[in-house]
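The structure appears right after this line, and notes come after that.
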């Protein structure tokens, strides 16, 4: 059973966790402030896929998809993580995601940002499908 780590500041983690458990994934969520990469590092043990769902949420800090993302991606390279799901806050590409994809060949799937006020079924399915895709699973 693959273990998925959810990093989310928009309060959708429980809904994502339930949807992923419905597909037989073990799920862990980061507690505390994901702006501090150490909280993410501490949760990476035995994780197969990281879901960086930081594209939505009130009070977004630019560094969350900048310096913090870069730091987490650098750490992921030295772990057993085999996939990364990135929630884009807009349409632009993210240089850190592109660098990780090109340099370390990390399977990365990108999804559009969901609304912070709900985690709709289509968005939840997109997250689950992205996790499957990073692992080469076709349902």
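Is there a residue in region 48-61 that is closer than 18 Å to residue 129 by Cα, out of contact with any helix residue (DSSP H, G or I) (no Cβ under 7 Å at 6 or more places or on another chain), at pLDDT 95 or above and surrounded by fewer than 21 Cβ atoms within 10 Å (Cβ to Cβ)? Yes, region 48-61 contains at least one residue that is closer than 18 Å to residue 129 by Cα, out of contact with any helix residue (DSSP H, G or I) (no Cβ under 7 Å at 6 or more places or on another chain), at pLDDT 95 or above and surrounded by fewer than 21 Cβ atoms within 10 Å (Cβ to Cβ). Filtering region 112-131 to residues that are outside any loop (DSSP other than H, G, I, E, B) and surrounded by fewer than 19 Cβ atoms within 10 Å (Cβ to Cβ) leaves 112, 121, 122, 125, 126, 129. Of everything in region 9-29 that is over 17 Å from residue 121 (Cβ atoms) and at pLDDT 90 or above, the residue that is surrounded by the fewest Cβ atoms within 10 Å (Cβ to Cβ) is 24.
Residues being touching a helix residue (DSSP H, G or I) at 6+ places or on another chain (Cβ under 9 Å), in a helix (DSSP H, G or I) and within 17 Å of residue 40 (Cα to Cα): count how many of those fall in region 1-15. Quick ask: steps written out before the conclusion?
Pass one, region 1-15, residues touching a helix residue (DSSP H, G or I) at 6+ places or on another chain (Cβ under 9 Å): 2, 4-9, 12, 15.
If we keep only those that are in a helix (DSSP H, G or I) too, we end up with 15.
Okay, now just the ones that are also within 17 Å of residue 40 (Cα to Cα), so none.
Within region 1-15, residues that are touching a helix residue (DSSP H, G or I) at 6+ places or on another chain (Cβ under 9 Å), in a helix (DSSP H, G or I) and within 17 Å of residue 40 (Cα to Cα) number 0.
Considering only region 81-91, I want to know if a residue exists there that is farther than 22 Å from residue 135 by Cβ and either in contact with a helix residue (DSSP H, G or I) (Cβ under 7 Å, 6 or more places away or on another chain) or in a helix (DSSP H, G or I) (or both). Yes: one or more hits. Please find, within region 65-82, the residue that is modelled with the lowest pLDDT out of those that are within 19 Å of residue 113 (Cβ to Cβ) and surrounded by 20 or more Cβ atoms within 10 Å (Cβ to Cβ). Filtering region 65-82 for residues that are within 19 Å of residue 113 (Cβ to Cβ) and surrounded by 20 or more Cβ atoms within 10 Å (Cβ to Cβ), the one modelled with the lowest pLDDT comes out as 65.
Look at region 125-139: where a residue is at negative phi and touching a residue at least 24 places away in the same chain (Cβ under 8 Å) and a partner is in a helix (DSSP H, G or I) and surrounded by fewer than 18 Cβ atoms within 10 Å (Cβ to Cβ), sitting 6+ places away or on another chain with Cβ atoms under 9 Å, you get 139/129.
The values are calculated or read from the model by the stated rules, or taken from the named source; none is laboratory data. Everything numeric in this text was worked out from a predicted model, so none of it was measured. With ideal geometry, Cβ positions are generated from the backbone for all residues, glycine too; neighbour counts draw on all protein chains shown.
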